[in-house]
1. For every other residue with a beta carbon closer than 15 angstrom to the beta carbon of Phe147, add +1 if it is Lys or Arg and -1 if Asp or Glu, then tell me the sum.
2. With Cβ to Cβ distances under 15 Å as the rule, what net charge do the other residues near Leu36 carry (K, R +1; D, E -1)?
3. As I understand it, the dipole of the chain uses +1 on the Cβ of Lys and Arg and -1 on the Cβ of Asp and Glu, about the Cα centre. Which of Ser14, Ala167, Ala76 lies farthest toward its positive end?
4. Restricting to the chain, compute how many DSSP beta bridges are antiparallel as a %, nearest 5.
5. Please work out whether the range 37-123 counts as rounded, prolate or oblate from its C-alpha gyration tensor, where a ≥ b ≥ c are the square roots of the eigenvalues and a/c under 1.5 means rounded, while otherwise a/b larger than b/c means prolate and anything else oblate?
6. Once you have a ≥ b ≥ c as the square roots of the Cα gyration tensor eigenvalues for the chain, tell me rounded if a/c is under 1.5, and otherwise prolate or oblate according to whether a/b is larger than b/c.
7. For the chain, what does the helix formula give at 222 nm: sum of -39500 (n - 2.57) over DSSP H segments with n ≥ 4, over the residue count, nearest 500 deg cm²/dmol?
8. About the Cα centre of the range 1-129, what is the dipole size in debye to 20, counting +1 per Lys and Arg Cβ and -1 per Asp and Glu Cβ, all else neutral?
Amino acid sequence: MAEPWCGRAWVFGSDIDTDQIIQTGFLQMFLPDEELGKHAMTIVDPAFAEQVRPGDFMIVGDNFGCGSSREEAVVALKACGISGVLGSSFARIFYRNAIHQGLRAWEVPGIHEEIQAGDRLCVWPSEGRVSVEDGSYEGAFTPLPAFLEDIISVGGLIPYHQQRLQAKRSG
């Protein structure tokens, strides 16, 4: 059994759109990823970007990441330290952007109704298991397929293809 990833839970509701994840005004400034991370979720929770720590998890309701197809929403979450998003459901384009940018997103129906903000979570990605450390919740999800894990583990789709091209040139 692999070691779990553990971190604090940040809990949000349903229908959080990409404009709420990162405001359009920050995109017009062409900020580097780290700067985008400093502004993630500030419309929904002004303290989030200042208080989130690397390894923390987002717990979300239904249809997370709806709205526009901007990849910067995923980039901002990843840049502020979020290690994964567990939600009841994701907007299709957000889910694909998460994979393309190297951020894990797992569907766990009803999780946002069970987890409290600040709970310490442990996630076993390859086993499809999540729990609160105090034992108050245990949930399951379908692990990501190996090829998606490969893409995410190297940081996203572009690094994945760069790695494959390099291997092809070397081999």
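1. Combined, the nearby Lys, Arg, Asp and Glu give +1.
2. Charge balance near Leu36 sits at -4.
3. About the Cα centre, the residue reaching furthest to the positive side is Ala167.
4. Restricted to the chain, the bridges split so that about 45 percent are antiparallel.
5. rounded
6. Values: a/c = 1.73, a/b = 1.10, b/c = 1.57.
It is oblate, given that a/c is not under 1.5 and a/b is not larger than b/c.
7. -8500 deg cm²/dmol
8. Value, rounded to 20: 240 debye.
The values are calculated or read from the model by the stated rules, or taken from the named source; none is laboratory data. Computed from a prediction, not measured in an experiment: that's the story for all the values here. With ideal geometry, Cβ positions are generated from the backbone for all residues, glycine too; neighbour counts draw on all protein chains shown. The accessibility values were calculated without ligands, DNA or RNA, using every heavy atom of the protein model including side chains. Shrake-Rupley method; radii C 1.70, N 1.55, O 1.52, S 1.80 Å.
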